[in-house]
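The values are calculated or read from the model by the stated rules, or taken from the named source; none is laboratory data. Values in this document were obtained by computation on a predicted structure and should not be read as measured data. No Cβ is skipped: glycine too gets one built from the backbone with ideal geometry, and neighbour counts run over all protein chains shown.
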Amino acid sequence: MNFRLAKINDINTLVKFRKQQLIDEGQIPNINIDTELHDYFSSIIESENSIIYIMTKNEKDVAVGGVYFLRYPPSFKNATGQTAYVHSMYTVAEYRGQGMASGILALIIDEVKKRNCKAIRLQATEYGKPVYKKAGFVESDGHMIMRL
């Protein structure tokens, strides 16, 4: 497994993976969202508040996952207010169960720690929950969270 940071020339891959993720989650592709997804990924790829990783195997893109960095008002549980939100985690079907999502998640957790965030949040499908629980996330208020 190898990984790279997504760049502008990866947007078509990100759009393709996001659409397939939504279909795999049960959504019906009854409208064309290519332009909206292209605009979305274009705007976040160049932001210092977001990182997207692409995993490759045998030079083929097989998995993706990203993280946003947010700042909420400080609280007693998170004095800095720094929080990360994991998004767009997806693995091509024939590569699932081979550690791709876990590999991306490990990269994300390392980056979150480097940025001194005290919490990581995400929404998980039933299929993804075991990956996140194994990494140390717990379910909380409809999300999964890891406190650092």
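Just a few scattered comments:
- Hits in the stretch 103-143 - residues which are among the hydroxyl-bearing types (Ser, Thr, Tyr) and under 16 Å from the mean Cα position of the chain (by Cα): 125, 127, 132
- When residue 108 is tested against (1) modelled with pLDDT under 95; (2) in a helix (DSSP H, G or I), exactly one condition is not met: (1).
- Selection from the stretch 111-127 of residues that are in a loop (DSSP other than H, G, I, E, B), within 18 Å of residue 81 (Cβ to Cβ) and among the charged types (D, E, K, R): 115, 118
- Among residues of the stretch 92-106, those that are in contact (Cβ under 8 Å) with a residue 60 or more places away in the chain and of a type in the set (D, E, K, R), counted: 0
- Selection status of residue 108, aliphatic (A, V, I, L, M), crowded, with 17+ Cβ neighbours inside 10 Å and farther than 17 Å from residue 144 by Cβ: no
- One residue alone among 85, 90, 127 is under 19 Å from residue 22 (Cβ atoms) and modelled with pLDDT under 90, and that residue is 127.
- Search result, residues across the stretch 9-43 that are surrounded by 14 or more Cβ atoms within 10 Å (Cβ to Cβ), of a type in the set (A, V, I, L, M) and more than 20 Å from residue 125 (Cβ to Cβ): 11
- Scope the stretch 119-142; condition touching a strand residue (DSSP E or B) at 6+ places or on another chain (Cβ under 6 Å) and under 10 Å from residue 101 (Cβ atoms); matching residues: 132
- Once the stretch 112-130 is narrowed to residues that are crowded, with 16+ Cβ neighbours inside 10 Å and in contact (Cβ under 8 Å) with a residue 40 or more places away in the chain, the residue that is nearest to residue 56 (Cα to Cα) is 112.
- Cross-chain or 6+ apart pairs with Cβ under 6 Å, the stretch 5-31 first and closer than 17 Å to residue 56 by Cα, then among the aromatic types (Phe, Trp, Tyr) and in a helix (DSSP H, G or I): 11/41; 14/41
- The stretch 44-98 - residue that is assigned to a loop (DSSP other than H, G, I, E, B) and aliphatic (A, V, I, L, M) and, of those, surrounded by the most Cβ atoms within 10 Å (Cβ to Cβ): 92
- Test for residue 6: is it surrounded by 17 or more Cβ atoms within 10 Å (Cβ to Cβ), under 25 Å from residue 114 (Cβ atoms), touching a Leu at 6+ places or on another chain (Cβ under 7 Å) and not polar (S, T, N, Q): yes
- Pairs where the first residue, in the stretch 62-84, is more than 30 Å from residue 99 (Cα to Cα) and the second is surrounded by fewer than 17 Cβ atoms within 10 Å (Cβ to Cβ) and of a type in the set (A, V, I, L, M, F, W, C), C-beta under 9 Å, 6+ apart: 81/70
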